[in-house]
1. How would 132, 207, 170 line up from fewest to most surrounding beta-carbon atoms within 10 angstrom?
2. Calculate the dipole size of the chain relative to its Cα centre from +1 charges on Lys and Arg beta carbons and -1 charges on Asp and Glu beta carbons; express the result in debye to the nearest 20.
3. Give the cysteines in the chain for which no other Cys Cβ lies under 4.7 Å away, or write none if there are none.
4. What's the longest bit of the chain with no exposed GluC sites (Glu not before Pro), using DSSP loop states and at most 15 other Cβ atoms within 10 Å as the test?
5. Expressed as an acute angle from 0 to 90° and rounded to the nearest 10, what is the orientation of the C-alpha long axis of helix 60-71 relative to the principal long axis of the chain?
6. What distance in nm separates the two pseudo spin-label positions at residue 126 and residue 59, each 7 Å out from Cα along the beta-carbon direction?
7. Can you sort 16, 26 from fewest to most other Cβ atoms within 10 Å of each residue's own Cβ?
8. Which distance in nm do the two modelled labels at residue 41 and residue 97 give, with both placed 7 Å along the Cα-to-Cβ direction?
Amino acid sequence: MLSALLEVVGPDDCPSCGGPRGLGGSMVCSRCRPLLPARLRPFDPPNAVAWAFGLGPYEGPLGAMVRRAKYRPDAGACRELATRLAAAAEGRLPDVDAVVYVPVPARRRMRRGFDQAELLASQVARALGRPVLPALRRVRPGEQAGRSHRDRAAGARGAWRLCRPPPPRVLLVDDVVTTGATATACADELLCGGARRVGLLCVAAAVL
């Protein structure tokens with residue numbers, strides 16, 4: 001139902017309900033905005049990840065915003081999510097040395113015009129006063145949406161390669177965590193490359 005709504009709402013409509021956007025350039029209307037979480041919530045970290053935080057579950061207005069940013073694609077929605085995630089993360093995470101994002105395939109980035117995880121990571125890094133490190137490179141494209149847990153794990157394994165050495169403490173940033181297969185694959189690569197501890201931050205998680 002919600003995904004169908006997102007196909008018909010216009011670019012100036014609230015991505016959650018299709019009504020008029022809020023004041024001050026907000027992507028979300030005044031009715032849906034209070035429903036967007038503003039504080040981080042911990043969740044059980046995927047394998048190879050030391051700790052994990054997200055804003056909320058991948059549903060409701062938050063899930064709608066993420067889907068709009070990813071599939072419309074809508075850089076404005078992504079920037080608003082990035083601002084909200086960065087504000088929630090400031091002063092609330094274990095200390096890290098650098099922020100690393102989960103990159104999308106180059107062809108998908110060209111088609112969208114942006115990498116949503118990179119936009120999120122840039123805002124979060126600015127709030128934390130830490131550098132963004134483009135340490136991972138997607139070497140095997142593949143769509144994970146709609147696949148089973150086992151298929152996701154198989155598809156994620158070996159899909160990313162380290163392209164520069166990471167520092168000891170890394171914050172891995174992605175937009176959505178569902179089964180955790182992507183986060184595990186990326187964390188494994190970072191740990192094998194010299195990182196000692198990898199934390200995870202996302203906008204939405206299926207397990208929250």
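Bear in mind that the values in this text are calculations on the coordinates, not laboratory data. Only a predicted model underlies this, so the values are computations on that prediction, with no experimental measurement involved. Cβ: placed from backbone, ideal geometry, glycine included. Neighbour counts: every protein chain shown.
1. 207, 132, 170
2. For the chain, the charge dipole is close to 380 debye.
3. Lone cysteines by the Cβ rule: 17, 32, 78, 163, 186, 192, 202.
4. Result, exposed sites excluded: 144-208.
5. Tilt of helix 60-71: around 70 degrees.
6. 3.3 nm
7. Ascending number of Cβ neighbours within 10 Å: 26, 16.
8. Taking the simple label geometry, residue 41 and residue 97 are separated by 3.3 nm.
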